[in-house]
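Since the structure comes first, as structure tokens, the remarks are kept for the end.
The values are calculated or read from the model by the stated rules, or taken from the named source; none is laboratory data. What you see is a predicted model; the values in this text were computed from it and never measured. Glycine also receives a Cβ, built like all others from the backbone with ideal geometry; neighbour counts cover every protein chain displayed.
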Amino acid sequence: MAPLRIAVVGSGPAGAFCAQILTEDTDHEVRVDVFERLPTPFGLVRYGVAPDHQKIKSIVASLTEIFENPSVRFLGNVTVGSDITMDELRAHYDAVILASGAPLDRRLGTPGEDLSGVVAARNFVSWYSGHPDATFDTSVLTAERAVVVGVGNVALDVARMLVRTPDELRRTDVPEHVIDTLAGHSVREVCVVGRRGPEHAKFTNKEFLELAEVEGADVIVSPDDLALSQEARAGTRPATARLLASLQKVADRRPQGRPRSIRFLFNRTPVEFVGDTSVSAVRLAHTTRPEVVEDLPTGLVLPAVGYRGAALSGVPFDDASGTIPHRDARVLDGERVLPGLYAVGWVKRGPSGVIGTNRLCASETTAALLADAPDLSGKGSGPAGVDALLRLRGVAVVDWSRWRAIEAAEVARGEATGRTRVKLYDRNEMLLAAGAAT
Ligand SMILES: Cc1cc2nc3c(=O)[nH]c(=O)nc-3n(C[C@H](O)[C@H](O)[C@H](O)COP(=O)(O)OP(=O)(O)OC[C@H]3O[C@@H](n4cnc5c(N)ncnc54)[C@H](O)[C@@H]3O)c2cc1C
């Protein structure tokens with residue numbers, strides 16, 4: 001039987017794990033082409049996971065092995081939907097797996113959300129991660145107080161990055177202009193606001209302990225916010241109990257006079273972002289005492305309340321959940337399964353879970369695809385037709401060896417500045433380094 005030819009849209013962990021599982025399957029011979037709109041692979045592992053989380057980023061070594069398998073091709077700098085259409089992919093491959101992630105922001109729906117100075121955390125994350133499409137306006141960093149809305153791990157990443165010292169940042173791969181800007185910004189206090197009590201915080205104890213270790217900032221937790229009822233305390237899970245104990249430890253200690261601080265404000269929710277054209281304060285209502293409303297002056301609000309999937313042209317999309325509708329990973333158009341079309345990762349489940357969660361998700365998706373293999377085999381006319389179309393359209397495809405050239409340029413830039421590696425962040429510069437500039 002001829003090998004199955006599979007296209008994967010998106011080179012984040014979900015797409016990469018699918019490529020790995022499919023090409024390691026012993027019952028089927030499978031070739032996988034992974035299409036990626038950026039010149040760089042790995043999705044949010046490169047552009048989401050915080051730069052100071054080098055241990056987590058080391059997953060890149062395992063993801064690299066997946067792409068170096070001769071049965072897997074990386075086609076970077078190719079946007080599915082414009083450089084090549086979904087119909088074209090479906091015509092040339094036996095099946096298509098959608099692994100396009102969640103590139104948009106979930107909105108809060110709070111009045112004043114569109115004021116300048118209210119900037120989705122994703123925007124800031126993309127900027128410090130060197131995403132080529134980042135649009136973060138650094139002038140908002142003239143604010144003395146920043147307010148991060150949300151108490152998940154991303155909220156803590158953002159708060160931590162705002163207070164990291166230049167020395168700490170130089171141990172990461174963030175671009176030099178990011179270090180310069182973060183070294184000189186005016187933010188002295190970062191308030192992290194959570195709608196509910198600390199027992200409902202979504203960040204992990206590990207993330208919180210790490211925050212408490214940053215060199216340049218005091219972490220401040222009010223003992224009042226930790227006053228849980230006996231009942232609530234008795235019902236907590238061990239992980240929550242550990243987090244509460246860590247929060248209590250920090251609440252009990254005196255601030256050490258560090259230049260910056262991170263202050264937690266639990267049981268408060270923003271009811272309005274106040275200002276004419278730019279935000280000047282966040283109006284917070286106390287969720288346990290609704291009669292108490294306070295204005296917290298600020299020029300920078302970073303809502304960190306979740307990412308959101310984007311519709312792909314030619315693929316059904318559920319706007320309410322921001323995901324692709326599916327049954328056991330098979331994409332649905334209403335109640336009808338669209339043959340040969342599968343979803344995986346954040347675009348399938350929504351933006352939750354850690355990198356490893358996408359492996360389980362990829363297992364489900366690839367199991368569905370392989371179960372359908374007898375019906376899929378020979379459906380597509382072969383990837384040569386797609387290569388020809390991309391050539392005809394003048395698309396500067398970044399293949400794996402070209403990505404390796406970008407990596408080498410990043411390591412060289414690091415050596416030149418006494419750092420291990422410095423990310424390229426300008427798309428043209430990446431393409432030049434890749435030798436793929438048109
Ligand atoms: C700020 C942040 C920090 C995080 N930190 C951690 C952490 O510390 N530890 C942890 O375990 N997890 C962390 N995560 C979660 C982890 O990053 C996700 O679980 C994972 O990246 C989701 O994988 P994915 O493949 O579904 O999506 P993504 O990683 O987003 O990959 C999707 C890819 O698809 C590409 N794409 C989109 N549309 C197209 C198109 N039309 N054509 C071609 N390509 C396209 C995108 O460019 C992207 O590369 C973090 C997430 C965020 C947002």
Residue that is farthest from the ligand (Cβ to nearest atom), among those in the stretch 134-161 that are part of a loop (DSSP other than H, G, I, E, B) and over 21 Å from GLU199 (Cα atoms):
GLU144
Just a yes or no: is a residue in the stretch 348-369 loosely packed, with under 13 Cβ neighbours inside 10 Å and either in contact (Cβ under 8 Å) with a residue 60 or more places away in the chain or of a type in the set (Val, Ile, Thr) (or both)?
yes
Is it the case that some residue within the stretch 331-345 is within 11 Å of the ligand (Cβ to nearest atom), modelled with pLDDT of 95 or more, touching a Gly at 6+ places or on another chain (Cβ under 9 Å) and not assigned by TED's automatic domain parsing to the domain that holds GLY152?
yes
Helices (runs of 4 or more DSSP H) contained in the stretch 1-93 and holding at least 3 residues closer than 15 Å to TYR342 by Cβ, in contact with a Leu (Cβ under 9 Å, 6 or more places away or on another chain) and assigned by TED's automatic domain parsing to the domain that holds LEU312
13-24
Tabulated pairs, the stretch 91-110, first within 11 Å of the ligand (Cβ to nearest atom), second among the polar types (S, T, N, Q) and part of a loop (DSSP other than H, G, I, E, B), C-beta under 7 angstrom, 6+ apart or interchain
none
Out of everything in the stretch 39-59 that is more than 14 Å from the chain's Cα centre (by Cα) and within 16 Å of TYR425 (Cβ to Cβ), what residue ends up being nearest to the ligand (Cβ to nearest atom)?
THR40
Among (1) within 19 Å of ASN77 (Cβ to Cβ); (2) surrounded by fewer than 13 Cβ atoms within 10 Å (Cβ to Cβ); (3) more than 25 Å from the chain's Cα centre (by Cα); (4) at pLDDT 95 or above, there is one condition ASP426 misses while meeting the rest; what is its number?
(3)
So, in the stretch 8-29, of the ones that are more than 10 Å from the ligand (Cβ to nearest atom) and crowded, with 24+ Cβ neighbours inside 10 Å, which residue ends up nearest to VAL422 (Cα to Cα)?
ALA19
If the Cβ limit is 6 Å and pairs must be 6+ apart or interchain, which residue in the stretch 195-209 that is on the phi < 0 side of the Ramachandran plot pairs with which residue that is basic (Lys, Arg)?
ASN205/ARG242
Among the candidates ALA362, ALA396, which residue alone is under 22 Å from the mean Cα position of the chain (by Cα) and not β-branched (Val, Ile, Thr)?
ALA362
It is to be established whether one or more residues within the stretch 211-224 are closer than 26 Å to PHE273 by Cα, free of Cβ contacts under 8 Å to residues at least 40 places away in the same chain and more than 23 Å from the chain's Cα centre (by Cα).
yes
Give GLY435, GLY385 a once-over and let me know the one that is modelled with pLDDT under 95, in contact with a helix residue (DSSP H, G or I) (Cβ under 8 Å, 6 or more places away or on another chain) and either assigned by TED's automatic domain parsing to the domain that holds SER126 or not hydrophobic (A, V, I, L, M, F, W, C) (or both).
GLY435
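Per-residue answers, yes or no, for (1) under 15 Å from the mean Cα position of the chain (by Cα); (2) surrounded by fewer than 24 Cβ atoms within 10 Å (Cβ to Cβ); (3) at pLDDT below 95; (4) within 13 Å of the ligand (Cβ to nearest atom):
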{"residue": "ALA61", "(1), (2), (3), (4)": "no, yes, no, no"}
{"residue": "ASN69", "(1), (2), (3), (4)": "no, yes, no, no"}
{"residue": "GLY81", "(1), (2), (3), (4)": "no, yes, no, yes"}
{"residue": "MET86", "(1), (2), (3), (4)": "no, yes, no, yes"}
{"residue": "VAL118", "(1), (2), (3), (4)": "no, no, no, no"}
{"residue": "ASN123", "(1), (2), (3), (4)": "yes, yes, no, yes"}
{"residue": "PRO132", "(1), (2), (3), (4)": "yes, yes, no, yes"}
{"residue": "VAL163", "(1), (2), (3), (4)": "no, no, no, no"}
{"residue": "ASP167", "(1), (2), (3), (4)": "no, yes, yes, no"}
Number of the exception - THR323 against (1) touching an Asp or Glu at 6+ places or on another chain (Cβ under 8 Å); (2) crowded, with 18+ Cβ neighbours inside 10 Å
(1)
From the list ARG349, ARG359, which one is within 25 Å of GLY306 (Cβ to Cβ), of a type in the set (Lys, Arg), within 14 Å of the ligand (Cβ to nearest atom) and out of contact with any Ser or Thr (no Cβ under 8 Å at 6 or more places or on another chain)?
ARG359
Filtering the stretch 286-301 down to residues that are touching a Ser or Thr at 6+ places or on another chain (Cβ under 9 Å) and modelled with pLDDT under 95 yields HIS286, THR287
